[in-house]
Every structure is written in structure tokens, then in C-alpha cells.
Amino acid sequence: NYDIDLFRALIGASEDLTGVRAEGAHRASHRVIADHLRACSFLIADGVSPSNEGRGYVLRRIMRRAMRHAQLLGAKEPLMWRLVPALAREMGAAYPELIAGQAAIQETLKAEETRFRATLARGLGILEEETKGLGAGGKLPGDVAFKLYDTFGFPLDLTQDALRARGIGVDTAGFEAAMDRQRADARKAWSGSGEAATEAGWFPVRERVGATEFLGYSSEAAEGVVTAILRDGVEVEALGPGETGQIVLNQTPFYAQSGGQVGDTGTMRGEGVALDVTDVHKKLGDVFAHDVTVREGRLAKGAALELRVDAARRAAIRANHSATHLLHEALRRTLGDHVAQKGSLVAPDRLRFDFVHGKAMEPAEIAKVEEIANAVVLADAPVETRVMGIDEARNSGARALFGEKYGDEVRVVSMGADPDGRAYSVELCGGTHVRRTGEIGLLHVVSEAGSAAGIRRIEARTGAPARRRLVEDSRRLGEIAAMLRAGADDAPAKVAALMDDHRKLERELADARRRLALAGGGAAAAPAAREVAGVKLMARSLTGVGAKDLKPIVDEMKKEIGSGVVAVAGIDAEGKAGIVVGVT
């Protein structure tokens with residue numbers, strides 16, 4: 001199968017980039033790269049990110065095996081991401097997601113291979129050390145292979161690949177035993193939520209009552225009839241005063257938690273009964289399960305209820321969800337087309353957005369993202385939602401999320417307008433949104449940090465919470481400037497100068513402590529050096545020396561002793577003790 005046109009094109013691209021022909025011993029490496037490139041790209045396009053568990057770990061194993069073979073071919077720089085255009089040319093027509101997600105696929109592969117090269121160097125060093133005395137026919141101990149896997153991310157097959165050329169095997173039974181021990185420990189430490197067990201109870205409910213009709217796009221109040229009541233995952237006929245459970249209605253204005261948006265809260269009232277709704281979940285895709293507490297009366301199946309969503313909370317959630325769309329597009333325009341959503345949380349008080357990007361954002365980039373998004377907010381542009389066929393939606397330019405599965409009909413949400421008349425943001429989305437972008441009020445990025453390998457996370461606020469955060473930040477800056485006796489504009493430079501002075505003084509103090517320790521000051525009557533079992537030992541106890549200052553002292557004492565062992569215990573000004581032992 002490696003001689004068919006598809007593989008020949010990919011292998012040819014691999015040959016061109018590495019300068020190594022797919023012949024003899026190198027043939028297998030080129031084939032591994034071509035095969036694994038396809039698997040990795042399809043997985044990433046379907047929403048999988050490399051990680052240390054589940055499907056993400058499967059992806060990481062495949063990626064790392066191909067990357068190891070790229071190194072065997074002599075590739076000095078990350079190779080896999082540069083082969084993605086060749087794959088997109090071959091299979092993009094049959095699988096358009098490869099073209100739509102090409103930038104994200106390339107960014108993910110590049111970030112992972114860059115990281116893996118550093119890991120590979122460390123792991124291969126350990127492997128070399130551990131197999132020094134082994135010849136052909138020897139076996140690497142299973143616990144060492146497991147350490148390479150557990151600590152350095154070396155899958156077993158990668159370790160086997162690295163040793164095969166030398167005729168060395170791996171004690172796979174020992175590896176599996178170590179793996180089983182770790183799994184057993186993990187099982188002991190894990191306390192299950194019971195969610196999977198209770199999910200099964202919803203199948204008969206779904207068969208009997210059917211899907212819940214959602215009215216929440218156009219209304220925050222409605223009437224509904226109770227079709228099912230469950231307590232602890234088991235169907236019951238009624239809930240009494242003070243009892244909690246989950247209820248299903250024929251129709252509801254309450255949004256169920258999905259697509260990153262949290263579920264609605266609110267109240268329900270009927271004849272002689274009042275309920276508080278604390279959350280809503282989707283079961284089996286289209287059954288809305290309302291978490292309720294009976295405040296008054298007794299709730300029975302068949303009861304007719306007035307349903308009312310907490311309008312203020314819903315308005316805040318709507319603003320944050322629409323802001324997430326603006327943020328997504330602003331990130332793409334600032335960082336590049338590789339940016340793709342990898343998760344989100346839309347709550348009433350904040351929003352969180354995870355996206356593909358290989359490095360931390362610069363402050364100037366964050367400022368630009370805020371500026372772009374807030375320009376659309378201030379334009380107070382209408383937000384339009386339309387229901388259309390999935391193919392029509394994609395042809396209109398609507399952005400779909402990798403990993404999401406869509407039906408034949410989808411909701412397309414568009415907002416804002418570019419100078420050329422096209423919408424600023426167009427996405428497939430089932431969430432609730434503002435009517436005009438001005439309702440968002442303000443978008444403020446609170447933080448940006450790493451979430452996983454190649455994934456960054458932004459936390460942001462909108463509206464009143466954003467304003468409060470900015471006011472609080474301004475107040476704190478004023479306090480800092482006052483302490484520095486400087487204006488707010490000059491405060492950063494003043495702090496930077498103070499930090500430089502502080503670091504300089506710390507270095508000088510550490511040098512003074514080291515000179516004092518080496519001169520014997522502060523020693524607890526310990527001889528300079530003595531012999532123990534034929535080995536020279538230099539041991540000292542120092543007061544007023546913190547743990548972070550001990551290592552350079554030990555390094556200097558190792559030079560002084562020439563050959564032997566150095567042990568230094570230190571107690572800092574706060575009474576905390578530390579010890580460092582060095583062996584030449």
C-alpha cells in the first residue's frame with residue numbers, strides 16, 4: 001500500500017525535506033512518517049489535542065513515534081508540520097477539515113515536536129546510561145522502561161524502537177507490572193462521580209417522553225408539564241417539601257449546560273408547589289434534566305408549572321457568550337489562522353477560552369485583541385441568528401468547531417461588520433446571545449496562561465464585572481505609585497529599577513555568605529575535612545544561610561576537597577533548615 005499515489009506523494013515530500021532517499025534502512029522511517037502524519041492530522045482536525053491521558057495520549061504516542069523517525073533521518077528541525085500542506089493537497093478535497101484546520105494542525109505538530117526534541121535528548125541519555133553494559137540479546141529492565149514512560153513520556157514502543165538496532169530487548173512483563181501498580185494506585189486515589197451509572201437510567205425516560213422542546217432562544221418565561229421525575233438517578237412519582245431531584249418537562253425556556261455555556265437557574269411554580277432550579281443538564285443529547293429543590297408543596301408527575309429563568313443571570317451569560325465569539329475572531333486576526341477553539345466556559349461572572357497557540361502571548365498582542373473586540377462592541381452591531389443546512393452554513397463561511405458533531409440543520413450566529421460588508425464573526429453555535437454587541441458593554445482580558453501542551457487559556461470579564469476589575473486595578477496601581485512616590489505612568493520603570501537593585505543586593509549577600517562559610521565563619525565546630533571509610537568528608541552547619549544559598553557553597557567546597565563528599569546544613573533567619581549533599 002505504500003506504493004499507491006497517496007503514500008508516494010507523502011514519502012516524496014518527506015524525502016525532499018530531509019534530503020534522504022526512501023531506500024534501504026531509511027525506507028521504514030519514511031513510511032512511518034507518512035502513515036503517522038495522516039493519523040495525527042485527522043485526529044487534530046477532529047478536535048483531539050496531545051495530552052497524557054485518553055485519546056490525547058493515543059495522539060501523542062503516534063506523533064512521537066513519527067518524530068523519532070524524523071530524527072533518525074537526520075532532521076535537525078521539526079519536520080512533521082512542514083509535511084501537512086502535502087497531505088492537504090492529497091486528501092483535502094475528500095476531507096475539507098484538513099484544509100480548514102491546516103494552520104491549527106501545523107501549529108500543534110510544530111509545538112509538540114519542539115517540546116519532544118528536548119524530552120528525547122534527556123530520555124535517550126538515560127537509555128544510553130542504563131544500557132551501557134548490555135550487549136546484543138540483553139534486556140532493559142521493565143522498571144527502567146516504565147520510568148522513561150512515566151517521567152519522560154517515552155512510550156514502550158519508542159524505547160523498543162531505540163534499542164532494536166542494537167539487538168537489545170525490553171522486559172515487557174516488568175514494564176506491565178509497573179504499569180499495573182500505577183493503575184492500582186490511581187484507582188485507589190480516584191473517587192468516582194457516579195455519573196456514568198446514573199446516565200443509564202435516562203434511556204427509558206427518553207424512549208417514553210421524547211426530546212424536550214427548547215424555547216429559550218425567544219423567551220425566558222413559559223409554561224410546561226412535568227413528564228418525568230428522578231431522584232438519585234431513579235424514577236419516582238413525586239418530590240416532597242425540601243427534597244431535591246431532576247425533572248423533565250415537555251418544553252422549557254431553561255438552557256441546558258452545553259457548548260461551554262453553563263445551565264440556567266430560576267424558579268418554577270404551580271398549584272400549591274414552588275421549586276428552585278439550580279442547574280440544567282442535557283441527557284442523551286436532547287432531554288433537559290432540571291436540577292430542582294422543592295421549596296413549597298409536593299411536586300407530582302403531570303403537574304403544570306410556570307417556568308421563569310433568572311433574567312439578570314441569563315443576560316450576563318449571553319454577554320459573555322457573544323464576547324467569546326468576538327474574542328475568538330480577534331485572536332485569529334492577531335495571532336494567525338492556526339488559532340482554533342479547544343474549549344470554553346461561559347458563566348455569568350466570567351468567560352474562559354482555550355485555543356491553539358504554541359507560546360505565551362505578548363502584552364502588545366493581548367492589547368490588540370482587546371482593541372479589535374471592543375471596536376465591535378462599541379459599534380453596537382446587530383447579532384443575527386439563522387437556522388440553515390450544515391452545507392449551506394459552511395459555504396457561507398460559518399466557522400465550525402473541530403470535534404463538534406452537527407446535525408443536518410444548524411444555528412449560525414453572525415455579529416459585527418468589516419469594512420467590506422462581510423460579518424466580523426460567523427460561527428455555528430447553539431448558545432444564547434445578545435441582540436446587539438453593545439449589550440456586552442466591555443471586554444477585558446484578565447489573564448493569559450498555558451492550559452496544556454500547545455494550548456493557551458484566556459480568562460476575561462465583560463460588562464459590570466469588567467468595569468469593576470479595571471477600577472480595582474486602577475486603585476491598586478494608584479496605591480503602588482503612591483508608595484513609590486511616583487506617578488502612575490512612571491511606576492513600572494520605578495519598580496523595574498527597584499527589582500534590579502534587589503537582585504544585585506541578593507547576589508552580593510549570597511557571595512558574602514559563601515565567602516564567610518568557606519572561611520569557616522558560622523561553622524558549628526566542624527573540622528575542615530575528615531576521612532570516613534576511606535572517603536574524605538567535609539561537613540558544616542551554618543546559621544543565617546537559606547536553602548537556596550547552600551548549593552553554590554557546596555560547589556565551592558567540592559572544588560576545595562578535590563575528591564569526596566560535602567554536606568552542608570543551613571538555618572535561615574526564620575529558623576527554616578535545609579541540607580545539601582554533594583559528591584565529586
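The values are calculated or read from the model by the stated rules, or taken from the named source; none is laboratory data. Keep in mind the model is a prediction, meaning the values are calculated, not measured. When we count neighbours, we look across all protein chains shown, and the Cβ atoms used for this are built from the backbone with ideal geometry, even at glycine. Surface accessibility is based on the protein's heavy atoms, side chains included, excluding ligands, DNA and RNA. Shrake-Rupley method; radii C 1.70, N 1.55, O 1.52, S 1.80 Å.
Taken along the Cα-to-beta-carbon direction at a fixed 7 Å, the label points for Q251 and E213 span 0.4 nm. Would you list, by chain and number, the aspartates and glutamates whose Cα falls below 15 Å from the Cα of K139, excluding same-chain residues fewer than 8 positions away? Cα-Cα hits under 15 Å: E128, E129, E130, D157, D161, D171, E176.
Longer than 21 Å from Cα to Cα, which of K536/K558; K494/K576; K551/K576; K536/K576; K132/K558; K359/K494 are they? Say none if no pair is. Distance filter (> 21 Å) returns K494/K576; K536/K576; K132/K558; K359/K494. Using C-alpha pairs below 8 Å separated by at least 6 residues, the relative contact order for segment 232-369 is 22 percent. In this calculation the C-beta distance from L345 to E371 is compared with R0 = 35 Å, giving a FRET efficiency of 0.90.
Full extension of the chain between K494 and A573 yields a length gain of 25.6 nm, computed as 0.36 nm times the residue separation minus the alpha carbon distance. Rolled with a 1.4 Å probe across the full set of protein chains, the surface gives K147 an accessible area near 100 Å². Restricting attention to the chain, close to 85% of DSSP beta bridges with both partner residues there are antiparallel.
Net charge dipole, segment 210-345: roughly 460 debye, given to the nearest 20, about the Cα centre with Cβ charges of +1 for Lys and Arg and -1 for Asp and Glu.
Between S396 and A221, take the C-beta separation as r, use R0 = 30 Å, and let me know the FRET efficiency to the nearest 0.05.
Numbers: r = 33 Å, r/R0 = 1.09.
FRET efficiency, S396 to A221: 0.40.
Among A111, L239, L87, flag the residue with its Cα farthest along the positive direction of the charge dipole of the chain, charges on Cβ as +1 for Lys/Arg and -1 for Asp/Glu. So the residue we want is A111. For the set T278, T267, T108, the ranking by accessible area, highest first and with no ligand, DNA or RNA atoms included, is T278, T267, T108 under a 1.4 Å probe.
Let me know the longest stretch in the chain that avoids all GluC sites (Glu not before Pro) found in a DSSP loop with at most 13 other C-beta atoms within 10 Å. For GluC sites (Glu not before Pro) (loop position, at most 13 other Cβ atoms within 10 Å), the longest site-free span of the chain is 272-573. The label-point distance for R386 and D420, in a model that sets each label 7 Å from Cα toward Cβ, rounds to 1.8 nm.
Keeping all protein chains in place and using 1.4 angstrom, which order do F203, F116 fall into by accessible surface area, from largest down?
Ranked from most to least accessible, the order is F203, F116.
Between segment 1-43 and segment 268-317, the C-alpha centres lie 57 angstrom from each other.
Taking only protein heavy atoms and a 1.4 Å probe, the accessible area of the chain is 51% carbon and sulfur. With protein chains left intact and a 1.4 Å probe, residues in segment 287-440 average 44 Å² of accessible area per residue.
Solvent-accessible area of S396, all protein chains in place: 60 Å² (probe radius 1.4 Å, heavy atoms, ligands and nucleic acids excluded). Please get the size of the charge dipole for the chain, origin at its Cα centre, with Cβ charges of +1 on Lys and Arg and -1 on Asp and Glu, quoted in debye to the nearest 20. For the chain, the charge dipole is close to 1820 debye. Between L284 and R503, the simple spin-label model (points 7 angstrom out along Cα→Cβ) gives 6.2 nm. Ordering L158, L127, P141 by Cα displacement along the dipole of segment 80-170 toward the positive end leaves L127 in first place; charges were set at the Cβ atoms of Lys, Arg (+1) and Asp, Glu (-1). Taking the C-alpha atoms only, the angle from helix 311-335 to the longest principal axis of the chain is near 50 degrees.
Each Cα pair under 8 Å and six or more residues apart adds its sequence gap; the mean of these over the residue count of segment 76-118 is a relative contact order of 53 percent. Of the residues G450, A497, A486, the one whose Cα sits farthest towards the positive end of the charge dipole of segment 419-508 is G450 (charges of +1 on Lys and Arg Cβ, -1 on Asp and Glu Cβ, taken about the Cα centre). Length gained on full extension, D3 to E472, computed as 0.36 nm times the residue gap minus the Cα-Cα distance: 162.3 nm.
Angle between the Cα long axis of helix 491-518 and the longest principal axis of the chain, 0 to 90 degrees, nearest 10? It works out to around 30 degrees. FRET efficiency for the pair R89 and T114, taken as 1/(1 + (r/R0)^6) with r the Cβ-Cβ distance and R0 = 25 Å, rounds to 0.55. Output the 0 to 90 degree angle, nearest 10, between the alpha-carbon long axis of helix 102-130 and the longest principal axis computed from the alpha carbons of the chain. Compared with the principal axis, the helix lies near 30 degrees. Based on DSSP H segments of at least four residues, each scored -39500 (n - 2.57), the chain has a per-residue ellipticity at 222 nm of -14500 deg cm²/dmol.
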